[in-house]
Amino acid sequence: MDLTPALQVNIGDPLFIGDFWGFILALPVLFLAFWMSAVKNRAVVVVGAFAGALIGFLGILGWVDTLIYDTPLPGANGPVTFFSSLLICSIAGLAAAMILDLIVARMTSRNYRRSAQTAHGYPPLPRS
């Protein structure tokens, strides 16, 4: 029994088609990542969301289809692959966007700090 990676992608396979369209329909997560981002450089967060969705796409393709093994997963079909790809790509995209949002906020933390007086909305005290 040969367990080496097959790395075969058949574009006409129902499993690939379901995975591909699940990935495409999960891409509006990019707009959600842009909207909920709290950092100034939102492009990094959107690219992270795309990368997370792409990792989810490749993970489903490797798990269910013939990307890694020479035979597809027994019992897998197109609709099941579509819905699993839609959910996993959306979740992976949002998770990657939130992680990159936290990393960017930590790297540029001086942009997000406020002094104690302005944090509560009080005007600064006059100096004598």
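Where a number appears in this text, it was derived from the coordinates with a stated rule and is not lab data. Note that the coordinates shown come from a computational prediction; the quantities given were computed from them, not determined experimentally. Because the Cβ atoms are built from the backbone with ideal geometry, glycine has one as well, and the counts that use them run over all protein chains shown.
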For K40 and L54, compute 0.36 nm times the residue count separating them, minus their Cα-Cα distance, and round to one decimal in nm. 2.6 nm
Order these by the 10 Å Cβ neighbour count, fewest first: T66, T108, T71. T71, T108, T66
Which length gain, in nm to one decimal place, applies between I17 and F31 when the Cα-Cα distance is subtracted from 0.36 nm times their residue separation? 2.7 nm
Of 77-90, 7-20, ordering from highest average Cβ density within 10 Å down gives 77-90, 7-20
Scalar couplings 3J(HN,Hα) for the range 79-87 by Karplus 6.51 cos²θ - 1.76 cosθ + 1.60 (θ = phi - 60°), nearest whole Hz, x for Gly and Pro, are x, 5, 5, 4, 5, 5, 5, 4, 6
